[in-house]
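Notes follow the structure.
Read-outs: derived from the displayed coordinates by stated rules, not from any lab. What you see is a predicted model; the values in this text were computed from it and never measured. We place every Cβ from the backbone using ideal geometry, glycine too, and count neighbours over all the protein chains shown.
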Amino acid sequence: MSEDAVDDEGGGSGKILLILGLVLGVGIGGGAGYFMSGSGGEDASAESEEKVEEMKPKGDLLPIDIEKLTVPIYSMRNNSRRFIGNFFVDVRLQVYGQEKQIAVKRAETQLQHAFLSAMSRADLMVEGSTSDIDFDKAAMILKSRADEILGADIVENVSIIKSVRMGR
């Protein structure tokens, strides 16, 4: 009988150590999870600063040129559209990074179609002139069309490099 009594006491302390180990393991695991989730106050602010730095574009602006885009230009006067003429327009899109440059190159045909459509529908002429395109107004329209097609974070800048009116 004395052997049975000794076995019961050893089994009881083993169970207590097992339960204590489980509680400590869950506590340490939960604390590590809490710390890793970013709920640690100062660590969370440091991580957000790192994310802001990552979001800043890295590298140089890479140009993508679309040359000799033939666009019919109309002028809006007195609620009517008047054909001004056809223009050859050179457009430059600028992006950060080669991934974005590749995305623009892949969608170049869509962009050309969207640019033709947008420029032929809008009144792009300089006020009081029938031969000069307002480059700033055209660039704003083309930038919004590029953002619609590719997304707002792909194209950084759109500019009109040159426009030449075709003779009649």
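Things worth noting here:
- Couplings 3J(HN,Hα) of the stretch 147-156, computed from phi: 5, 5, 7, 9, x, 6, 9, 8, 8, 8 Hz, in residue order, whole Hz [Karplus 6.51 cos²θ - 1.76 cosθ + 1.60, θ = phi - 60°; x for Gly and Pro].
- Segment PHE88-ILE19, length gained on full extension (0.36 nm per residue, minus Cα span): 16.8 nm
- Sorting 137-143, 94-100, 22-28 by average packing, meaning the other beta carbons within 10 Å per residue, from highest down gives 137-143, 94-100, 22-28.
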